[in-house]
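> What follows is a single structure, and I will ask about it in a moment.
The values are calculated or read from the model by the stated rules, or taken from the named source; none is laboratory data. Please read all numbers here as calculations on a predicted model, not as lab measurements. Because the Cβ atoms are built from the backbone with ideal geometry, glycine has one as well, and the counts that use them run over all protein chains shown.
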Amino acid sequence: MQARRLLIGLAASLLAPLAAAQVYQFPRYESAAQVRADCDRLLAELKQRRRAIAALPARGADVLGALDALNQRVEDAMGPLWLLPAVHPAKPVRDAAEACDLAYQRFNTALLQDVRIHSNLKQAAVADDIDRRLQRDLLDAFEDSGVALPPAARARATRLNDALTKQTQDFERRSRENRDTVAFTEAELEGVPGNVWRQARRDARGRYVLGLDHPSSAPVIERAVQEATRERMWRATMRIGGEANLKTLQRIATLRHELAGLFGFDSYADFVTRRRMVGSEANALAFLAAVDGAVRERERADIALLREAKAAATQQPVERVTVRRWDASYFTERIRQARYGVDQEAMRAHFPPQRSLAFVFAVAQRMFGVRFEPVEQSLWHDEARAYAARDADGALLGTLFVDLFPRPDKYNHAAVWGFRNVSTRSGRLPAAALVTNFDRQGLTLDELETLLHEFGHALHALLSTTRYAIPGGTNVQLDFAEAPSQMLEDWVYDPAVLALFGQVCPECAPLPRETIERVNRARHFAKGLLFGRQLLYARYDLALHGRRVEAPLALWARMEGATPFGYVPGTLFPANFGHVASGYGAGYYGYLWSLVVAEDLRTAFAADRLDAAVGRRYRDSVLANGGQVAPDELVRRFLGRPGNRDAFFRSLAIE
């Protein structure tokens, strides 16, 4: 996932001075008072500079450059504060950062509703297509914030945006700070790797107490032999966020619906998709229907195989067996082991976490000529690390921060924050943070794929060379944002690529080529289940943001209830569906839409995934341009032809 924010802000000067190329120093925040002091200074400065922007000459002024310099100032101050709620161990610091974000968003809405700046922007000096695209994107942002609405509606839009920021923060905080646990006896944990539970604390009855973080919960759900153990852990994960988050999600959907209505739209989905590649809610639904048609029968066939596996394991007739949601991962892995001899847990010894990071760095060096060097910095946590990204000639490209391991109150999935964007115009270099929650014992090949996916977002942020910072890096149309990261996922199943692991970890036992080939075949098993689930998520997201606002859980129960597995009463999945609550609202379909693009991009690397010449062309055509060129044009430049869906639908058919 890409943690993404679209922002426009104000700077200390209308045009930022050229900055010397140097490693970005992440500010160290020890107290909430520090956060509040920095925030107060920034907001006072921003109010002053908003007036300066509004006072620019009405015609021919460099409004684009001024707004971009303003954006850079906001990134400098707010970028670290957007990351801190996800990673800082001190709750007062996290809370202060959220409060600052709320105050900044109020200011940003006011800026985007400033009719004088909007008027200046419409008459700004524009030199070429890059300028024209930025001008259009900025005008869209102003219009979507309500600058052209009547005064009363504009004021209402401000209140709605303020409320949405606060509600989203509340939703994410409850999920992140969840402290629920499940206790098991040793017997109940049969089949679960010992490193998951042997060091866990024990309760008064001597049971092992496990949290709901991914490194703890996923192995239980995937590996526990006893169905009751799997069920208890699965049900616990399905209640993260609780009833409070369900109420918050309904409030978010209601606020978004009202916001869209101010602009004359019947649905929030139509309001936001008109600015994306897909163009409309109807187009998104038609695309999902096409995917459904390609995988529906395969999903039914996958479930039939799971029933057979469960029948054999429980020694019951197939017709008497029902596969439950907590069975799906367990029996999928059992079939993969039986059919392909693949055991993901056994792969952890091959892929130590730090060496896995070095591996993805090595991939970047081979494909793109980029190397990563550790640099000493005192960061938000002792386990976080900083790296300088350098070009083949040693030139500094940007700074990457990495936080690999789980801990209480940390963001509990995997994401990249591209919080500081490049600008060739001002000599500014980017910075990004990669945050994961990996097992300290090592990664599975699935998790190595996740790492390479997130690293793809980081490369997009760090290898961007856009003229302006606003469209830099991952600030692209939302339904293109996942394509550069999804493209790289296939790389971990290529023996030639995995051979690089031996260079970064000579003492690590290499994964045999035959094993890699079996894993590659095994990953296509249960593809119907995988895409069926993704379709459900995407359709639910669009329905929640559709023409009629429904109670999130009732809508989910109805939609999930119509799937082959059905809905499990008492579960509250939407309460922890963070994508829907945050920046991917009415955008989850973008994972599948981006995968279409990613599969098309991969065709250029079919002969050699490490081809440096193709990698350089990809870097220069796609990554370097960020959002300053339309995605369709980026694909055309790279592939030498318009993009199409052929590779995507071929991949759906692989068994």
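> I'd like to check something: does region 238-252 contain any residue that is farther than 28 Å from ALA99 by Cα and at pLDDT 95 or above?
Within region 238-252 (the criterion being farther than 28 Å from ALA99 by Cα and at pLDDT 95 or above), the answer is yes, since at least one residue qualifies.
> Hey, another quick one. What is the one condition in (1) farther than 28 Å from ASP646 by Cβ; (2) surrounded by fewer than 18 Cβ atoms within 10 Å (Cβ to Cβ); (3) of a type outside the set (D, E, K, R) that HIS524 does not satisfy?
Here HIS524 clears every test but (1).
> Does VAL225 meet the test of being more than 23 Å from ARG174 (Cα to Cα) and in a loop (DSSP other than H, G, I, E, B)?
Taking the combined requirement at face value, the residue satisfies it.
> Could you say whether any residue in region 608-618 is under 25 Å from the mean Cα position of the chain (by Cα) and of a type in the set (Asp, Glu)?
no
> Follow-up. Would you confirm whether or not region 235-246 contains a residue that is surrounded by 19 or more Cβ atoms within 10 Å (Cβ to Cβ) and either in contact with a Cys (Cβ under 6 Å, 6 or more places away or on another chain) or more than 30 Å from GLU172 (Cβ to Cβ) (or both)?
The answer is no; no qualifying residue exists.
> Can you pull out every residue in region 356-382 that is outside any loop (DSSP other than H, G, I, E, B) and under 27 Å from HIS88 (Cβ atoms)?
Across region 356-382, the qualifying residues are SER356, LEU357, ALA358, VAL360, PHE361, PHE372, GLU373, PRO374, VAL375.
> Continuing with the same structure: Please give the strands (runs of 3 or more DSSP E) falling wholly within region 383-498 in which 2 or more residues are over 17 Å from the mean Cα position of the chain (by Cα), crowded, with 19+ Cβ neighbours inside 10 Å and not assigned by TED's automatic domain parsing to the domain that holds LEU67.
385-390, 396-403
> So which of ARG156, ARG94, ARG136 ends up being out of contact with any helix residue (DSSP H, G or I) (no Cβ under 8 Å at 6 or more places or on another chain), at pLDDT 95 or above and assigned to a helix (DSSP H, G or I)? It would help to see each step written out before you state the result.
Working: ARG156 fails: out of contact with any helix residue (DSSP H, G or I) (no Cβ under 8 Å at 6 or more places or on another chain); ARG94 fails: out of contact with any helix residue (DSSP H, G or I) (no Cβ under 8 Å at 6 or more places or on another chain).
ARG136 is the lone residue from the list that is out of contact with any helix residue (DSSP H, G or I) (no Cβ under 8 Å at 6 or more places or on another chain), at pLDDT 95 or above and assigned to a helix (DSSP H, G or I).
> Sticking with this structure for a sec: When you scan region 198-209, do you find a residue that is free of Cβ contacts under 8 Å to residues at least 60 places away in the same chain, within 25 Å of LYS91 (Cβ to Cβ), of a type in the set (Gly, Ala, Ser) and in a loop (DSSP other than H, G, I, E, B), even just one?
Yes: region 198-209 contains one or more residues that are free of Cβ contacts under 8 Å to residues at least 60 places away in the same chain, within 25 Å of LYS91 (Cβ to Cβ), of a type in the set (Gly, Ala, Ser) and in a loop (DSSP other than H, G, I, E, B).
> Given the structure, is LEU112 surrounded by fewer than 20 Cβ atoms within 10 Å (Cβ to Cβ), farther than 30 Å from GLN226 by Cβ, modelled with pLDDT of 95 or more and in contact with a helix residue (DSSP H, G or I) (Cβ under 7 Å, 6 or more places away or on another chain)?
no
> For ALA543, indicate whether it is touching a residue at least 24 places away in the same chain (Cβ under 8 Å), surrounded by 19 or more Cβ atoms within 10 Å (Cβ to Cβ) and in a helix (DSSP H, G or I).
The answer is no for ALA543.
Residues checked against (1) at pLDDT 95 or above; (2) surrounded by 17 or more Cβ atoms within 10 Å (Cβ to Cβ); (3) part of a helix (DSSP H, G or I):
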{"position": "LEU592", "(1), (2), (3)": "yes, yes, yes"}
{"position": "ARG609", "(1), (2), (3)": "yes, yes, no"}
{"position": "VAL629", "(1), (2), (3)": "yes, yes, no"}
{"position": "GLU633", "(1), (2), (3)": "yes, no, yes"}
{"position": "ARG637", "(1), (2), (3)": "yes, no, yes"}
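> Which residue is farthest from TYR104 (Cα to Cα), if the candidates are limited to region 1-22 and must be modelled with pLDDT of 50 or more and crowded, with 18+ Cβ neighbours inside 10 Å? Write out each step before concluding.
From region 1-22, those modelled with pLDDT of 50 or more are 1-3, 21-22; that's our starting set.
Adding the requirement that they be crowded, with 18+ Cβ neighbours inside 10 Å leaves 1-3.
Working: MET1: 24, GLN2: 21, ALA3: 18 Å.
Ranking the candidates gives MET1 first.
> Right, another one. Go through region 170-193 and report how many residues are over 14 Å from MET233 (Cα atoms), assigned to a loop (DSSP other than H, G, I, E, B) and aliphatic (A, V, I, L, M).
Total meeting the criteria: 0.
> Would you tally the residues in region 551-584 being touching a residue at least 40 places away in the same chain (Cβ under 8 Å) and on the phi < 0 side of the Ramachandran plot? If you could, list the steps in order and put the result at the bottom.
Initial filter on region 551-584 (touching a residue at least 40 places away in the same chain (Cβ under 8 Å)): 551-553, 564-565, 568, 570-584.
Remaining after also requiring on the phi < 0 side of the Ramachandran plot: 551-553, 564-565, 568, 571-584.
Matching residues across region 551-584 total 20.
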